[in-house]
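Participant: Pasting a structure below so you can have a look.
The values are calculated or read from the model by the stated rules, or taken from the named source; none is laboratory data. Predicted model, so just to flag it, every value in this text is computed and none were measured. Cβ placement follows ideal geometry from the backbone for every residue including glycine, while neighbour counts extend to all protein chains displayed. Accessible surface areas use protein heavy atoms only, side chains included; no ligands, DNA or RNA. Shrake-Rupley method; radii C 1.70, N 1.55, O 1.52, S 1.80 Å.
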Amino acid sequence: MSERIHPRDALFGGERPFPVIASCEHFAGSEKLIGKALALQDKLGGIFDITMDLEDGAPAGREKPHAEMVVAMQRSEANTVRQSGIRIHDYTHPAWRQDVDIAVAGAGDRVAYLTIPKPTSARQVAEMIEYVQGAARQHGVSREIPIHVLVETHGALRDAFEIAALPWVQVLDFGLMDFISGHHGAIPASAMKSPGQFEHGLVARAKSRVVAAALASGVVPAHNVTLDLKNVYQPHADASRARLDFGFLRMWSIYPAQIQPIVDAMAPDFSEVRRACEILLAAQAASWGPIQHGGDLHDRATYRYFWELVQRAHLSKQELPAEAAAWFAA
């Protein structure tokens, strides 16, 4: 009987696998909204991440107590899933180092990621990551803290490939509103919504570059928010187009009703997931050697693709065959 080696152990062999994380990232800035988001995250079983916001969430002059509140929420019993990150202030703000110190000292062992907004160069991002790494050493945090970087300026877009290749970077986020504002009227306001956000040449070019840069370095590309809070179909439509036309694998939410539509749109196709499970189970039975399935040859290259697909399906709570579901039992 063939040895049943787990796909995780069989397919990467010491290589860094592509990050498989939730396909929706929900922003919340106040204690009340963070508490509601944590309750919903627990109810839905962790199908989305939460970004606790220090940048737009903190009242001016109260950055320190706001950061301490966020750390308290990170450490609270309400944070059952532990899929919550923190967005710090940007490089030009005097509080960003304080943000890092408070976040790493208080929640460095559990924070899901730190998000860096509005960099204008790869050099700025590198300096901020080095500061995070230094804070981790200082406070005895041995784990790598994932870094998410917002690409929303001309300089960050120019350096997108260099930024994606920096250590600890897990996600490149595209920030639509600041990107359009930085064009001083050259891009119309209509491009802040669909269909303009996908069809205006400068915006489409920027989104394509962010995705290409992210994927070239094994980093997850994340799409911007949908501004329309009343039309429940718009987040689903935007997420579908972002995934299918541009290759984004994650999208922001700014309203609880947007979360499920984004998750549904970003989830892998059910029939493809079933096929992926069949192929992986047959490969596992063959000790991960080449197999034929439906007349096609498959080997480790395709197995890796299908394993990532199945992991994303699992995160979105798609039902998997019992044998495949057992891979996630632990």
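Participant: Identify the residue in the stretch 169-188 that is of a type in the set (A, V, I, L, M, F, W, C) and more than 19 Å from Ile116 (Cα to Cα) and, among all such residues, is least open to solvent (accessible area, probe 1.4 Å). If you could, list the steps in order and put the result at the bottom.
Facilitator: Filtering the stretch 169-188 for residues of a type in the set (A, V, I, L, M, F, W, C) gives 169, 171-172, 174, 176-177, 179-180, 186-187.
Applying the additional criterion that residues be more than 19 Å from Ile116 (Cα to Cα) yields 186-187.
Details: Ala186: 66, Ile187: 7 Å².
Residue satisfying both the conditions and the ranking: Ile187.
Participant: Restricting to the stretch 34-67, name every residue that is more than 19 Å from Ile262 (Cα to Cα), open to solvent by 80 Å² or more (accessible area, probe 1.4 Å) and assigned to a helix (DSSP H, G or I).
Facilitator: The one that is more than 19 Å from Ile262 (Cα to Cα), open to solvent by 80 Å² or more (accessible area, probe 1.4 Å) and assigned to a helix (DSSP H, G or I): Lys64.
Participant: Going through Leu202, Leu166 one at a time, which residue ends up being aliphatic (A, V, I, L, M), open to solvent by 10 Å² or more (accessible area, probe 1.4 Å), in contact (Cβ under 8 Å) with a residue 12 or more places away in the chain and part of a helix (DSSP H, G or I)?
Facilitator: Going through Leu202, Leu166 in turn, the sole match is Leu202.
Yes/no per residue for (1) of a type outside the set (A, V, I, L, M); (2) more than 20 Å from the chain's Cα centre (by Cα):
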site: Phe161; (1), (2): yes, no
site: Leu176; (1), (2): no, no
site: Ile187; (1), (2): no, yes
site: Pro195; (1), (2): yes, yes
site: Arg209; (1), (2): yes, no
site: Val225; (1), (2): no, no
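Participant: Determine which member of the set Ala329, Ala237, Ala283 is out of contact with any helix residue (DSSP H, G or I) (no Cβ under 9 Å at 6 or more places or on another chain) and over 26 Å from Trp168 (Cβ atoms).
Facilitator: Within the list Ala329, Ala237, Ala283, the selection yields Ala329.
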